[in-house]
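One structure is given below, encoded as structure tokens.
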Amino acid sequence: MYRLIYYGCSYGLLGSILMIYTIKIDSTIILDLRFLAVTIVCLYAGMVPAIIAACIIG
């Protein structure tokens, strides 16, 4: 259980850092990379850490 909380918190912090490094495509379009952290943690650790990461990011 502590491992899941650890994964959720660490990927939540990663998603918060990824919000800083966005890719500007056009003057009105910005690609935000925070969804990658939630997707990766959901694939490898499951739904509970993904929800924790999404709550930290969002």
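Every number here is computed from the coordinates shown, using simple stated rules; none is lab data. Everything numeric here is computed off the predicted structure, so don't read it as measured data. We place every Cβ from the backbone using ideal geometry, glycine too, and count neighbours over all the protein chains shown.
Based on the Kirkwood radius over alpha-carbon pairs, what is the Stokes-Einstein translational diffusion coefficient of the range 2-57 at 37 °C with 0.692 mPa s viscosity, in µm²/s?
It comes out at roughly 292 µm²/s.
Could you work out how far helix 2-20 tilts from the main Cα principal axis of the chain, as a 0 to 90 degree angle to the nearest 10?
Computed tilt is about 10 degrees.
Going by alpha carbons, how many degrees (0 to 90, nearest 10) lie between the helix axis of 47-57 and the longest principal axis of the chain?
With rounding to tens, the tilt is 50 degrees.
Between TYR44 and ILE17, what is the label-to-label distance in nm when each label sits 7 Å out along the Cα-to-Cβ direction?
Placing both labels 7 Å beyond Cα along the Cβ direction yields 1.3 nm.
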